[in-house]
Amino acid sequence: MLCIGICDDNYDARLTLRAALERILETREETARMLEFSSGEGLLGWKKNHPGELNLIFLDMEMGQLDGMETARLLRQGDEDLQLVFVTGYADHVFDGYRVGALGYLLKPVKAEQLEDILTRGAAALFRREEEVYLCRSGDVTYRIPRKHIRYFTSDRRQVTCVTPEKSYTFYGKLDQVAEQVGREFVRIHQRYLVRVKAVDRVAGNQVFVGDEVLPVSRSCQQAAMIALTRAALEE
């Protein structure tokens, strides 16, 4: 399910765009979670605490202290895969959006066919990147976590936690199933730990160092782990 953000300092504009998106999604028999933000600052603050949740953001170009372009630049610093769409009442900024890899540029009032095209291309872009992200669901939220950002997975009974430098994501599952999904990029170093091979900084005895953390390597996993880590080092 898509998670769509609408950022515009005009309440009526947000309401109009949301209603148009909901009509299109209803016609397609699709659902999406929608979030509204009245400022770039509000959007950035929320996203900092909720990385990996938003897939597609509609940004008004003309906002208060932080305009749409500057908001987009700051968003891009932390999420290069986020789909951005600019919405504006002026045509003179039409080429600016492409400097931050925008998916599209829409003039107000936005036409339904333009929104349909954006939603189709946004979904296609997300689909093309399926192999580059790990999908997990926690409650009503589906997270798309770039695999290159993952340090390791750890399990505790029926729960698995995906650890990245920015945040940890906990969901119900089994580490064996996760290992099958992520493939050779990750190696089992312990009954409770599955580590991304390229996230390992060094190995010392029965421990691996990942960022500022030290993880144990069990005796049963040691040989396979060392082979995978050595192979990765030789491939760099």
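The values are calculated or read from the model by the stated rules, or taken from the named source; none is laboratory data. Note that this is a predicted model, so its numbers are computed, not measured. Positions of Cβ are backbone-derived with ideal geometry, glycine not excepted, and every protein chain shown enters the neighbour counts. Ligands, DNA and RNA are stripped out before the accessible areas are found, and what is left, the full protein with its side chains, is counted by its heavy atoms. Shrake-Rupley method; radii C 1.70, N 1.55, O 1.52, S 1.80 Å.
Going by the structure shown, is residue 220 under 25 Å from the mean Cα position of the chain (by Cα) and either of a type outside the set (D, E, K, R) or buried (at least 16 other Cβ atoms within 10 Å of the Cβ) (or both)? Steps first, answer last, please.
Values: under 25 Å from the mean Cα position of the chain (by Cα): no; either of a type outside the set (D, E, K, R) or buried (at least 16 other Cβ atoms within 10 Å of the Cβ) (or both): yes.
No: the conditions fail for residue 220.
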Filtered residues of region 149-208 (kept if open to solvent by 80 Å² or more (accessible area, probe 1.4 Å), among the basic types (Lys, Arg) and either under 21 Å from residue 228 (Cα atoms) or in contact (Cβ under 8 Å) with a residue 24 or more places away in the chain (or both)): 184, 192, 198, 202
Those residues of region 157-168 which are in contact with a Cys (Cβ under 9 Å, 6 or more places away or on another chain) and either farther than 17 Å from residue 213 by Cα or part of a loop (DSSP other than H, G, I, E, B) (or both), in sequence order: 160
Pair list, Cβ under 6 Å, 6 or more apart: region 213-232 residue polar (S, T, N, Q), other residue open to solvent by 20 Å² or more (accessible area, probe 1.4 Å): 218/190
Residues satisfying the stated conditions in region 14-61, i.e. open to solvent by 40 Å² or more (accessible area, probe 1.4 Å), over 21 Å from residue 140 (Cα atoms) and either charged (D, E, K, R) or touching a Cys at 6+ places or on another chain (Cβ under 6 Å) (or both): 23, 41
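Which one is modelled with the lowest pLDDT among residues in region 81-93 that are in contact with a Phe, Trp or Tyr (Cβ under 8 Å, 6 or more places away or on another chain) and within 22 Å of residue 21 (Cα to Cα)? First the steps, then the outcome.
Taking region 81-93 first, the residues in contact with a Phe, Trp or Tyr (Cβ under 8 Å, 6 or more places away or on another chain) are 85-88, 93.
Still in the running and within 22 Å of residue 21 (Cα to Cα): 85-88.
Numbers: 85: 92, 86: 90, 87: 90, 88: 85.
My answer is 88.
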Number of positions in region 3-32 that are over 25 Å from the mean Cα position of the chain (by Cα), farther than 23 Å from residue 82 by Cβ and not in a helix (DSSP H, G or I): 0
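Just to be sure I understand, how many residues within region 94-105 are under 21 Å from residue 9 (Cβ atoms), open to solvent by 10 Å² or more (accessible area, probe 1.4 Å) and modelled with pLDDT of 75 or more? Walk me through it before giving the result.
Taking region 94-105 first, the residues under 21 Å from residue 9 (Cβ atoms) are 94, 96-97, 100, 102, 104-105.
Now drop any that are not open to solvent by 10 Å² or more (accessible area, probe 1.4 Å), which leaves 94, 96, 100, 102, 105.
Okay, now just the ones that are also modelled with pLDDT of 75 or more, so 102, 105.
Here the count works out to 2.
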